[in-house]
Amino acid sequence: MEQTELDELRKQFAKAVRTTFPPDAPIAEITVLQYGDDPEIEPGQLLGRVVVDAQGATDEDGKEERGRKLEEFHNAHRDAIRELRRHMDRLPFRAILEFTLSGESSDD
């Protein structure tokens, strides 16, 4: 995918996230990744990643506590997540939607 096309997709995805979720949703980062940016992404795929602010969670809290925080976000914003997924399904490319907490790496 050409850089200008990817940049436009990133803008569209960020706008979709910002308009779908309430302004007070704890979203720290919004990005679109392509093959080569992350080992989970296959050729021809894109990944729309929404990084949720962990709100003070640390590595010492353990994966269970961090998992609870992500589950709380999911429960609080279930309808917005579904709406965002529907929006992504209308895009002309295969896209994975991922929510992760700030401070996590894909190796966790």
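Going through the stretch 1-46 one residue at a time, which ones are part of a loop (DSSP other than H, G, I, E, B), farther than 21 Å from Pro92 by Cβ, open to solvent by less than 50 Å² (accessible area, probe 1.4 Å) and not aromatic (Phe, Trp, Tyr)?
Of the residues in the stretch 1-46, the ones part of a loop (DSSP other than H, G, I, E, B) are 1-2, 21-26, 36-37, 39-45.
Restricting the remaining residues to those that are farther than 21 Å from Pro92 by Cβ gives 21-26, 39-40.
Filter once more, keeping what is open to solvent by less than 50 Å² (accessible area, probe 1.4 Å): 21, 25-26.
Result: Ala25, Pro26.
Restricting the first member to the stretch 10-22 and to residues that are more than 10 Å from Glu83 (Cα to Cα), and the second to residues that are surrounded by 17 or more Cβ atoms within 10 Å (Cβ to Cβ), the beta-carbon pairs closer than 7 Å and six or more apart or on different chains are Arg10/Val32; Phe13/Ile30; Phe13/Val32; Phe13/Gly48; Ala14/Ile30. The set of residues from the stretch 23-44 being under 17 Å from Phe99 (Cβ atoms) and touching a residue at least 24 places away in the same chain (Cβ under 8 Å) comprises Ala25, Pro26, Ile27, Ala28, Glu29, Val32, Asp38, Glu40, Ile41.
Condition first: acidic (Asp, Glu), in contact (Cβ under 8 Å) with a residue 40 or more places away in the chain and touching a Gly at 6+ places or on another chain (Cβ under 8 Å). Can you find one or more residues in the stretch 65-88 that meet it? Scanning the stretch 65-88 turns up no residue that is acidic (Asp, Glu), in contact (Cβ under 8 Å) with a residue 40 or more places away in the chain and touching a Gly at 6+ places or on another chain (Cβ under 8 Å).
The values are calculated or read from the model by the stated rules, or taken from the named source; none is laboratory data. All values reported here derive from a predicted model rather than from experimental measurement. Please note: Cβ atoms are built from the backbone with ideal geometry, for glycine as well, and neighbour counts cover all protein chains shown. Note: accessible area is taken over every heavy atom of the protein model, side chains too, but ligands, DNA and RNA are not part of it. Shrake-Rupley method; radii C 1.70, N 1.55, O 1.52, S 1.80 Å.
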